[in-house]
Amino acid sequence: MIARSIESQIVADFGKGKIIVVLGPRQVGKTTLLEQIANGHHAKFYNCDDRDDCDLLTERSSTELASLATGCEMIVIDEAQRVP
């Protein structure tokens with residue numbers, strides 16, 4: 001994979017209690033970059049192109065959503081716009 005300078009910027013923002021949004025045109029490697037970052041950390045990765053992942057995040061209470069984050073350093077939600 002091509003080294004991306006944005007990776008260090010994303011990692012530098014971990015632990016600040018903020019959401020990090022990665023935007024860009026199609027087919028430029030956003031998902032690959034996020035998978036690589038997630039593999040280097042204790043993370044949960046949800047891809048909302050996968051119907052099961054999308055359903056898991058749909059119409060959940062804040063308590064249910066919080067339980068998805070239990071025991072992980074970060075959550076990655078790819079294709080989040082697919083969650084109603």
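The values are calculated or read from the model by the stated rules, or taken from the named source; none is laboratory data. Quantities reported herein were computed from a predicted structural model and do not represent experimental measurements. For neighbour counting, all protein chains shown are included, and Cβ atoms are generated from backbone atoms with ideal geometry for every residue, glycine included. Protein only, heavy atoms only, side chains kept; ligands, DNA and RNA dropped before computing areas. Shrake-Rupley method; radii C 1.70, N 1.55, O 1.52, S 1.80 Å.
Here are the numbers for the structure shown:
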quantity	calculated
Mean ellipticity per residue at 222 nm, deg cm²/dmol - from DSSP H runs of n ≥ 4 across the chain, formula -39500 (n - 2.57)	-10000 deg cm²/dmol
Under 15 Å, Cβ to Cβ, from residue 49 - net charge with Lys/Arg +1 and Asp/Glu -1	-3
Accessible surface of residue 20 - all protein chains present, 1.4 Å probe, nearest 10 Å²	70
Portion, in percent, of the accessible area of the chain that falls on carbon or sulfur, probe 1.4 Å	51
Rg and Dmax [Cα atoms of the stretch 4-84; Å; Rg one decimal, Dmax integer]	12.9, 36
For the stretch 45-84, accessible area per residue (1.4 Å probe, heavy atoms of protein chains only), Å²	67
